[in-house]
Amino acid sequence: MALTPAPPVHDGSLVPEVDMGAEPSAATVRATVVQASTVFYDTPATLDKAERLLAEAVGNGSQLVVFPEAFVGGYPRGSTFGVTIGNRTAKGKEDFRRYHASAIDIPGPEVDRLAAMAGKYKVYLVMGVIERDGYTLYCTVLYFDSQGGYLGKHRKLMPTALERIIWGFGDGSTIPVFSTPIGKIGAAICWENKMPLLRTAMYAKGIEIYCAPTADARPIWQSSMTHIALEGGCFVLSANQFCRRKDYPPPPEYVFSGTEEDLIPDSVISAGGSVIISPSGAVLAGPNYDGEALISADLDLGEIARAKFDFDVVGHYSRPEVLSLIVRDHPTKPVTFTSASEETEGAHK
């Protein structure tokens, strides 16, 4: 289905609304994926931008809004952090210090603000952030309900390539699927969407609205999103940033390793490709490669049952006597403290 922009309006909107709604249904959810860039190294300004985008999406009727991977805190595209095998540079360490300072604590004031936004605009919010836990960073997704409640988080299980230098690994305790009045919502981030066992765990939790914040703008990404929608019998909402070189600090403050000399301020660094796909594999909205945008569709939740009639990967199409999966969903911690009082109390029980 071709991309159809909404009629132009002169209301001060930050970005255009791209709308391709489904057939009217008794049970529909209006959803939006945000395609926009971080204000790099400026978390307060990024939160201000997030609120403007959220307000605009809700003004267009959205009940669920999904932001890209690392929207708050930033995706450090092109940066090496001065790492080579056996060596780290002073500038790379300083780059990490600044990146660490842009991340957010959970809980923390930025989480409180995001919760307040969700409550103010009465919208379910899925937000990609860089989480700071002491001096380790995680690529994380936060979930908020329409009453302004913080529901929980998902930490990326497996960072890709050089991401492993700057981000820690999530564990099985943060792969939630939340049951809400608008459907069961969960998320996997970027290339962890290629992990079949992670997807299977989410299907087993009954996911209906599968959010896929990403940094992958390649056309081949669309194949993965379509496959997941068909495999899981779920709606897939993939949000990516659209960024130009000028959205990052100028050199030498920030350098795109290996390509900086070929870039001008308007060079496209990430082309977006945000998309919404139905459980039947139909593209409802996007992919958009044109610029910052709000990409919206009406999700007919009846499509889930119609798709699973054909194929239910953890139901009638599974073979548990042949194939099974064990998910270790407890937190993994390097240090556990057991106080003497707890030991004494346990001894008297």
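The values are calculated or read from the model by the stated rules, or taken from the named source; none is laboratory data. Since the structure is predicted, the reported quantities are computational estimates derived from the model, not experimental observations. Counting neighbours? That spans all protein chains shown, and the Cβs are built from the backbone with ideal geometry, glycine included. Note: accessible area is taken over every heavy atom of the protein model, side chains too, but ligands, DNA and RNA are not part of it. Shrake-Rupley method; radii C 1.70, N 1.55, O 1.52, S 1.80 Å.
Observations, loosely collected:
- All positions within region 160-171 that are exposed (fewer than 15 other Cβ atoms within 10 Å of the Cβ) and under 17 Å from the mean Cα position of the chain (by Cα): F169
- Of all the listed residues (G134, G152), the sole one being of a type in the set (G, A, S), farther than 27 Å from H227 by Cα and either open to solvent by 40 Å² or more (accessible area, probe 1.4 Å) or in contact with a helix residue (DSSP H, G or I) (Cβ under 8 Å, 6 or more places away or on another chain) (or both) is G134.
- Sole residue being more than 25 Å from the chain's Cα centre (by Cα), farther than 30 Å from D171 by Cα and open to solvent by 70 Å² or more (accessible area, probe 1.4 Å), chosen from D310, D290: D310
- Contact annotation: residue pairs with Cβ atoms under 6 Å, 6 or more positions apart or on different chains, pairing a residue in region 127-156 that is touching a residue at least 60 places away in the same chain (Cβ under 8 Å) and under 18 Å from S62 (Cβ atoms) with a partner that is hydrophobic (A, V, I, L, M, F, W, C) and not in a strand (DSSP E or B), are M127/F67; M127/L114; G128/F67; G128/A70; G128/F71; S146/V123.
- Region 245-272 residues that are under 20 Å from F67 (Cα atoms), paired with ones that are assigned to a helix (DSSP H, G or I) and open to solvent by less than 70 Å² (accessible area, probe 1.4 Å) (beta carbon under 8 Å, 6 or more apart): I269/R245; I269/D247
- Whichever residue in region 182-218 is in contact with a strand residue (DSSP E or B) (Cβ under 8 Å, 6 or more places away or on another chain), in contact (Cβ under 8 Å) with a residue 40 or more places away in the chain and not hydrophobic (A, V, I, L, M, F, W, C) and, among such residues, is surrounded by the most Cβ atoms within 10 Å (Cβ to Cβ): P213
- Only one entry of D105, D48 meets the criterion of being within 18 Å of the chain's Cα centre (by Cα), at negative phi and at pLDDT 95 or above, and that entry is D105.
- Only residues that are among the small types (G, A, S) and part of a helix (DSSP H, G or I) were counted across region 45-71, and they come to 5.
- Looking only at region 323-349, and only at residues there that are over 33 Å from the mean Cα position of the chain (by Cα) and open to solvent by less than 100 Å² (accessible area, probe 1.4 Å), the one that is modelled with the highest pLDDT: T338
- For T174, the conditions (1) open to solvent by 10 Å² or more (accessible area, probe 1.4 Å); (2) of a type outside the set (A, V, I, L, M, F, W, C); (3) in contact (Cβ under 8 Å) with a residue 60 or more places away in the chain all hold with the exception of (3).
- Residue tally, condition without any contact (Cβ under 8 Å) to a residue 12 or more places away in the chain and open to solvent by less than 10 Å² (accessible area, probe 1.4 Å), over region 112-126: 0
- S257 polar (S, T, N, Q) and open to solvent by less than 10 Å² (accessible area, probe 1.4 Å): no
- Selection of first residues in region 296-307 that are β-branched (V, I, T) and of second residues that are outside any helix (DSSP H, G or I), restricted to Cβ pairs under 6 Å at least 6 apart or on distinct chains, gives the following pairs, ordered by first then second residue: I304/E208; I304/G233; I304/P279.
- Which listed residue is polar (S, T, N, Q) and open to solvent by 50 Å² or more (accessible area, probe 1.4 Å), from S179, S274, S270, S238: S179
- Selection count where residues are hydroxyl-bearing (S, T, Y) and surrounded by 21 or more Cβ atoms within 10 Å (Cβ to Cβ), scope region 39-67: 2
- Region 72-87 - residue that is within 15 Å of E163 (Cα to Cα) and not in a loop (DSSP other than H, G, I, E, B) and, of those, most open to solvent (accessible area, probe 1.4 Å): T84
- Cβ separations smaller than 7 Å between residues 6+ apart or across chains give no pair from region 328-349 residues that are more than 25 Å from D171 (Cα to Cα) to residues that are in a loop (DSSP other than H, G, I, E, B) and modelled with pLDDT of 90 or more.
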